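Reviewing the structure listed below.
The values are calculated or read from the model by the stated rules, or taken from the named source; none is laboratory data. Being a predicted model, the structure only gives us computed values, none of them experimental. Counting neighbours? That spans all protein chains shown, and the Cβs are built from the backbone with ideal geometry, glycine included. Calculation scope for accessible area: heavy atoms of the full protein, side chains included, ligands and nucleic acids excluded. Shrake-Rupley method; radii C 1.70, N 1.55, O 1.52, S 1.80 Å.
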Amino acid sequence: MFFDWTPRAAAWIITALFAIAVSASIFRIPIQVSDSVEILEGVDRAPSVAVAFAQGLHASKTMLRPMRQVGTRLLLDIAHATGDRYNLVFRGFHAVAAALLIALFTQIARPRDWSGAAALCFAMLVLTGLHTFGGMTREAYPINHFLLIAIYCLAAFAIAESRGGLVADVVACLLFVIASLTLESGLVVFGVALAAYLAGLRGISRGALIAMAIVAAGYVILRVPLLHMTGNVVGERQTGYGTEMLTTSELRARFGDMSWLLYGYTILCSFLTIPLSQPVAGQWTAFAAWDPQAPPLFFLNDMGTSLVTTAVVVWYLSRRRPPDGRRRWRDPAPLAMIAMLLGSAVLSYAYAKSEIMSAAGVFYALVVYLAVRELVEVLITKAQPSLRVVVVLAIAFVSTAWAWRAMGLQYRLQRGAFEARSEWVLRMPPFSPPPVQPADARLTPRLLDEAMHRGRTNPFLLWPPYARLWGEN
Amino acid sequence: MLDARRFRVLLTAAVAAPGVVVALTTGASGLSAWLLDRPLVLAPVPRNLSEAAGNRDVADVVVMSAAADLIQPELARIPLRLREPATLTPLEAAVISERAYMIRLVRDRGGRLGADELRTLRCIAEARKDRGTIAYLAQFDASALKCDDVRIPY
């Protein structure tokens, strides 16, 4: 036979198609003006990677993210070496990273039979259809570090599943160092490694975990006594509360004297945003007054699919594993998901942001894969004959609803390309002050030229209700 | 009633089929985007300057205006504002977009705004009751407006 059509091969073909789809749409988005141009121009002036790293250490009183500058500087060097092709290098890097995340997901899931391959198809819809996935793909700053953190977490989990050894330990520790110096969210890599160990995986040894704990302590020492950094406080960034999105001044006025209330609320809401798809950035958008331009169908689809899927996950977590009767929630992937949800939620105490929860969303999709695979096996053996048609129709309905959400990602990425391209006109003179003063704008003219000539697309030419069904006007 | 074998097949298909459809559709679109810079789904592009102006596409207005006639009326689809395509000049389409920045951009790129054109644009803005474009156009002429003999082009 020309092609051996096995479940494993089918799973990898599906994975490749999803990876191509997501990465192609990411690649078409021009580098944005906001959150990108100023950083690019600033980092480009640093004479070396080491200087960029040092600048990153002192860039903020609350954020310790020097690896962002390092990554940006390295990509800028590559761009300069390839004829100043900034979009090719930065967007190419973003696209490859997204494809890598999707491939790592399948590598860890490892479907071996047709139930597994089918569950992977479903899990891919959950992975790419969750609202937190959009945050890893639509924007870049100019590198999307939330996507990198999710990759580091998956890689740490894959190492934990491996046979281990010195190289595995060193790589795991390096991942933790790089992740924690990229974003505060990177600290959850330690949570993943620890959860995997507690669940019985030994690819990352106890010694490596101790080394990671020492690195974590060093991180705290670097932040507080050495760099005199503080944590975020109330009112530094806007965040949702109830059905409202509060401005920084509103937050200070309302929670200045009882910050604990806002922190508790934000942690809880960040935790819930993955299993419920609500609230979004702390705001219960689905329960705000209905906007006639945004029909409830969007919220019903988002929350309905998430509720059903989370119910399947809860069912799976409460089941016992056949060999030893241990509850499934103590298995490696579920325990890592719980660690990610808790860790990421705590780290976003001061303001809720979907992107911070994005890595936890990846692990949620991984557990959905396991749960759906088991559900299929259980239904095949135990579903009553009289209910079989209903079961098939119900599952097809939920799966199709997730497919609609996954298509929404493609819409949002095309819209992201449109908006990023439009920014290069509307956030530049004569419509707005320039992002960087002309005397300092060494890269801007080239970035503008590249943006104008890539990623042509206009979502407003689509039938308007499409956008509304994906929650945009 | 489904027998066990058929149930297994249909159940597996029910779980997998939507994902397979999304993978094939978006994967083929992604391949086209990688190879030809032209996605197959959810990525329409304006056919002409009027269509770009009517659909808030400032970047395409900038790119197209370098080589296109900014006075020429063309058939434009503006699904957010018009039920049917209409033949519009770029400035008329800009007013229909209900974005003052678009009118400004088309003017800056060479759109002609004589007395007759201005009156037509003001009448379109009045017909659409869009306060932003009405106020923007009033900067050029705030006199009393008569639209009885002006043809609204849609």
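Tally up the residues in region A:212-247 that are more than 16 Å from A:GLY186 (Cα to Cα), among the small types (Gly, Ala, Ser) and in contact (Cβ under 8 Å) with a residue 24 or more places away in the chain, please.
2
When you scan region A:212-229, how many residues do you find that are part of a loop (DSSP other than H, G, I, E, B) and either surrounded by 15 or more Cβ atoms within 10 Å (Cβ to Cβ) or small (Gly, Ala, Ser) (or both)?
Summing the residues that are part of a loop (DSSP other than H, G, I, E, B) and either surrounded by 15 or more Cβ atoms within 10 Å (Cβ to Cβ) or small (Gly, Ala, Ser) (or both) in region A:212-229 gives 1.
Report yes if B:LEU91 is more than 13 Å from chain A (Cβ to nearest Cβ) and closer than 18 Å to B:ILE134 by Cβ, otherwise no.
On the way: more than 13 Å from chain A (Cβ to nearest Cβ): yes; closer than 18 Å to B:ILE134 by Cβ: yes.
Considered against the rule, which asks whether it is more than 13 Å from chain A (Cβ to nearest Cβ) and closer than 18 Å to B:ILE134 by Cβ, B:LEU91 comes out as yes.
In region A:10-65, what residues are part of a loop (DSSP other than H, G, I, E, B), closer than 30 Å to A:ARG456 by Cα and not hydroxyl-bearing (Ser, Thr, Tyr)? Full working, then the answer.
Looking only at region A:10-65, we keep the residues that are part of a loop (DSSP other than H, G, I, E, B), and these are A:29-36, A:45-48, A:58-65.
From what's left, closer than 30 Å to A:ARG456 by Cα: A:29-36.
Within region A:10-65, A:ILE29, A:PRO30, A:ILE31, A:GLN32, A:VAL33, A:ASP35 qualify.
Of the residues A:VAL362, A:VAL378, which is within 13 Å of chain B (Cβ to nearest Cβ), more than 16 Å from A:LEU276 (Cβ to Cβ) and either open to solvent by less than 10 Å² (accessible area, probe 1.4 Å) or in a helix (DSSP H, G or I) (or both)? Steps first, answer last, please.
On the way: A:VAL362 fails: within 13 Å of chain B (Cβ to nearest Cβ).
It is A:VAL378.
Each row is one residue, and each column tells you yes or no for (1) among the aliphatic types (A, V, I, L, M); (2) more than 22 Å from A:PRO459 (Cβ to Cβ); (3) in a loop (DSSP other than H, G, I, E, B).
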{"site": "B:ASP69", "(1), (2), (3)": "no, yes, yes"}
{"site": "B:ARG83", "(1), (2), (3)": "no, no, yes"}
{"site": "B:ILE103", "(1), (2), (3)": "yes, no, no"}
{"site": "B:VAL106", "(1), (2), (3)": "yes, no, no"}
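Can you name the residue in region B:18-40 that is more than 7 Å from chain A (Cβ to nearest Cβ) and among the aliphatic types (A, V, I, L, M) and, of all such residues, is least open to solvent (accessible area, probe 1.4 Å)?
B:ALA28
So which of A:GLY164, A:GLY203 is at positive phi and either surrounded by fewer than 23 Cβ atoms within 10 Å (Cβ to Cβ) or of a type outside the set (A, V, I, L, M, F, W, C) (or both)?
Working: A:GLY203 fails: at positive phi.
Going through A:GLY164, A:GLY203 in turn, just one is at positive phi and either surrounded by fewer than 23 Cβ atoms within 10 Å (Cβ to Cβ) or of a type outside the set (A, V, I, L, M, F, W, C) (or both): A:GLY164.
Could you list, in sequence order, the residues of region A:420-448 that are in a helix (DSSP H, G or I) and loosely packed, with under 14 Cβ neighbours inside 10 Å?
A:PRO438, A:ALA439, A:PRO445 - these are the residues of region A:420-448 that are in a helix (DSSP H, G or I) and loosely packed, with under 14 Cβ neighbours inside 10 Å.
Does A:ALA52 meet the test of being of a type outside the set (D, E, K, R), open to solvent by less than 30 Å² (accessible area, probe 1.4 Å), out of contact with any Leu (no Cβ under 8 Å at 6 or more places or on another chain) and more than 22 Å from A:ASP84 (Cα to Cα)?
Taking the combined requirement at face value, the residue does not satisfy it.
Can you report the number of residues in region A:230-262 which are open to solvent by less than 60 Å² (accessible area, probe 1.4 Å), in a loop (DSSP other than H, G, I, E, B) and within 27 Å of A:LEU57 (Cβ to Cβ)?
4
Report, ordered by the first and then the second residue, all pairs with beta carbons closer than 7 Å, sequence separation of six or more or different chains, a first member in region B:55-67 that is more than 7 Å from chain A (Cβ to nearest Cβ), and a second member that is surrounded by fewer than 21 Cβ atoms within 10 Å (Cβ to Cβ).
Correct list of pairs: B:VAL61/B:ARG109; B:SER65/B:ARG109; B:SER65/B:GLY110.
For residues that are within 11 Å of A:THR457 (Cα to Cα) and not aromatic (Phe, Trp, Tyr), scanning just region A:407-419, find the one that is most open to solvent (accessible area, probe 1.4 Å). I'd like the intermediate steps shown before the answer.
Step one: list which residues in region A:407-419 are within 11 Å of A:THR457 (Cα to Cα), which gives A:411, A:413-419.
Okay, now just the ones that are also not aromatic (Phe, Trp, Tyr), so A:413-417, A:419.
On the way: A:LEU413: 1, A:GLN414: 5, A:ARG415: 20, A:GLY416: 7, A:ALA417: 1, A:GLU419: 70 Å².
Among those that are within 11 Å of A:THR457 (Cα to Cα) and not aromatic (Phe, Trp, Tyr), it is A:GLU419.
Can you pull out every residue in region B:41-58 that is open to solvent by less than 10 Å² (accessible area, probe 1.4 Å) and either of a type in the set (Val, Ile, Thr) or touching a strand residue (DSSP E or B) at 6+ places or on another chain (Cβ under 9 Å) (or both)?
Residues satisfying the conditions are B:PRO46, B:LEU49, B:SER50, B:GLU51, B:ALA52, B:ALA53, B:GLY54, B:ASN55, B:VAL58.
For the list (1) more than 18 Å from A:MET407 (Cα to Cα); (2) more than 7 Å from chain A (Cβ to nearest Cβ), I need the number of the one condition that B:LEU2 fails.
Failing condition for B:LEU2: (2).
With the checklist (1) at pLDDT below 95; (2) within 29 Å of A:VAL33 (Cα to Cα); (3) open to solvent by 40 Å² or more (accessible area, probe 1.4 Å) in hand, flag the one item B:SER143 doesn't pass.
Of everything listed in (1) at pLDDT below 95; (2) within 29 Å of A:VAL33 (Cα to Cα); (3) open to solvent by 40 Å² or more (accessible area, probe 1.4 Å), B:SER143 misses just condition (2).
Let me confirm something: among A:ARG45, A:ARG8, A:ARG28, which residue is away from chain B (no Cβ under 11 Å) and either buried (at least 24 other Cβ atoms within 10 Å of the Cβ) or over 30 Å from A:TRP114 (Cβ atoms) (or both)?
A:ARG45
Select from region A:396-420 the residues that are more than 8 Å from every other protein chain (Cβ to nearest Cβ), of a type in the set (Gly, Ala, Ser) and under 17 Å from the mean Cα position of the chain (by Cα) and list them in ascending order.
Scanning region A:396-420 gives A:GLY408, A:GLY416.
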